[in-house]
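Read through the structure below, which is laid out as structure tokens, and then see the notes.
Please treat every number below as a calculation from the coordinates, not as lab data. Remember, predicted model here, so these are calculated numbers, not experimental data. Cβ atoms come from the backbone with ideal geometry, glycine included; neighbour counts cover every protein chain shown.
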């Protein structure tokens, strides 16, 4: 049976307080029982801390909410570039926006969030980064 340093120090202190000859078998058994019970409680404490840490991590993953506010809302008139190379733009109305809670991180929500835009050419899912709101005068 292996003992850690703390347990060995406890044994030494118990033996130094009384003469080893005067210790009876009952006292020795009692010391060993105490040491075994200490081992059991320490291992139980370690198991519970592992479980609680795991639970805390899972809860924090579930409780993450992503709060992003775009300058575009449903019903706004927007414009966007039709392609990266050309300077041609298209105009449309935002019909629907994706739910941002389905993304696990802020970076994913920023790069992949889209809006459904209705234009004269049809309906398109367009990245929210590329949409520019047209102010009404």
Cβ-Cβ FRET estimate between residue 118 and residue 66, R0 fixed at 35 Å, reported to 0.05:
0.85
At R0 = 41 Å, FRET efficiency that the Cβ-Cβ distance of residue 14 and residue 57 yields, to 0.05:
0.50
Prolate/oblate/rounded call for segment 51-128, Cα gyration tensor, a/c under 1.5 rounded:
prolate
So for each of 82-89, 7-14, 52-59, 93-100 I average, over its residues, the number of other beta carbons within 10 Å; can you give me the resulting order with the highest mean first?
93-100, 7-14, 52-59, 82-89
Two-site label geometry, residue 98 and residue 5: point separation in nm, points 7 Å out along Cα→Cβ
5.5
Computed label-point distance, nm, for sites residue 134 and residue 89 using a 7 Å Cα→Cβ extension:
0.8
Going by average Cβ density within 10 Å per residue, which order do the peptides 126-134, 110-118, 68-76 take, highest to lowest?
110-118, 126-134, 68-76
